[in-house]
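Peer 1: Starting off with a structure, shown below.
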Amino acid sequence: MAHSHEGHSHGPGHHHGTNNKKALGLAFFLITIYMIVEVIGGFVTNSLALISDAGHMLSDSVALGISFLALKLGGKQPTKEKTFGFKRFEILAAFLNGIALIVISIYILWESYKRFLNPPEVMSSGMLTISIIGLLVNIAAAFILMKGDTSENLNVRSAFLHVMGDLLGSVGAIIAALLIMFFNWGIADPIASVIVSILIIISGWRVTKESFHILMEGTPSNIDLSALKKSLLSLDEVKSVHDLHIWSITSDFPALSCHLVVNEQAAYESVLSKAKKILHDEFHIEHTTIQVDKEHSQCKDHDHCN
């Protein structure tokens, strides 16, 4: 019986981590400063589109702050109590951000409903000015976050979706302000809020669903479990694969553990080397724990095999 533990490579990840921290830090500064401006502007102009956008920007600010903190904590060294370190905190932050998006959107929908029943007077010129500035700020924040790893890192992606939702909010507020200014359509304000809220709910649900899947240690969506098992079984020495588990420590850190049952003539080191190469080259999994058992001395009780 043989065990192999292969560590996770931190070379490219360190570069991504530095970029992600810088991007989140700058975006947090921009969004927080403008959020204060938009809160004041929303109350002065009496625009729900602006107030809802300001509320969403508040969630953005908190989300970006949490995401930044998550990356800082994620870089801490493992301890005796937390052997994987604090990397999972990034996923917890993404999960909370996703829920925040959904809750805020539901609140905005409720406020929009009340304004449909009783449309208030809105200062369209002030609303337009603040919305245009907000659009520019959100474009800048989105551009900054795109410098980070929005494709692989769920935490950064959730922060990016917050900002994109806010950007859509600014666009909606601009359109609503123009409709109020030129056509006196006061109802355009709550309509813009409803449209943006629905788009934000969709984004929030996706982030929440993905982060929950990782927290539940589900198989990463980009890895085909059946194809992976078939690849391992393609090795001449391997007779069977059992206790196969694939999960993610965080969004860009997949891990695998399994037992390989090999024939009596197989050389442990050769089998391990071939298995690791398959997992690395075909499935991009670097953190592995593989136990190799001879065909006639393998653990009989697979449920309690270790």
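Peer 1: Considering only residues of region 72-89 that are more than 21 Å from L24 (Cβ to Cβ) and either among the basic types (K, R) or touching a residue at least 60 places away in the same chain (Cβ under 8 Å) (or both), which is surrounded by the fewest Cβ atoms within 10 Å (Cβ to Cβ)?
Peer 2: If we take residues in region 72-89 being more than 21 Å from L24 (Cβ to Cβ) and either among the basic types (K, R) or touching a residue at least 60 places away in the same chain (Cβ under 8 Å) (or both), then K80 is surrounded by the fewest Cβ atoms within 10 Å (Cβ to Cβ).
Peer 1: What number goes with the only condition from (1) closer than 30 Å to S248 by Cα; (2) basic (K, R); (3) open to solvent by 70 Å² or more (accessible area, probe 1.4 Å) that R157 does not pass?
Peer 2: Answer for R157: the failing condition is (3).
Peer 1: Looking only at region 211-245, which residues are in a helix (DSSP H, G or I), in contact (Cβ under 8 Å) with a residue 40 or more places away in the chain and open to solvent by 80 Å² or more (accessible area, probe 1.4 Å)?
Peer 2: Result: F212, single match.
Peer 1: Looking only at region 241-299, how many residues end up being within 22 Å of D224 (Cβ to Cβ) and out of contact with any strand residue (DSSP E or B) (no Cβ under 9 Å at 6 or more places or on another chain)?
Peer 2: 7
Peer 1: Would you please list the contacts, defined by Cβ atoms under 6 Å and residues six or more apart or on different chains, that run from a residue in region 156-185 that is under 20 Å from F143 (Cα atoms) to a residue that is part of a loop (DSSP other than H, G, I, E, B)?
Peer 2: V156/G148; V156/D149; V156/T150; R157/T150; F160/T150
Peer 1: Which of the numbered conditions does W110 fail, given that it passes all the others? Conditions: (1) assigned to a helix (DSSP H, G or I); (2) surrounded by 22 or more Cβ atoms within 10 Å (Cβ to Cβ).
Peer 2: For W110, the exception is condition (2).
Peer 1: Just a yes or no: is a residue in region 164-179 outside any helix (DSSP H, G or I) and surrounded by 15 or more Cβ atoms within 10 Å (Cβ to Cβ)?
Peer 2: Looking for residues that are outside any helix (DSSP H, G or I) and surrounded by 15 or more Cβ atoms within 10 Å (Cβ to Cβ), one finds none in region 164-179, hence no.
The values are calculated or read from the model by the stated rules, or taken from the named source; none is laboratory data. The structure displayed is predicted, hence computed values, not measured ones. Note: ideal-geometry Cβ built from the backbone for every residue, glycine included; neighbour counts use all protein chains shown. Note: accessible area is taken over every heavy atom of the protein model, side chains too, but ligands, DNA and RNA are not part of it. Shrake-Rupley method; radii C 1.70, N 1.55, O 1.52, S 1.80 Å.
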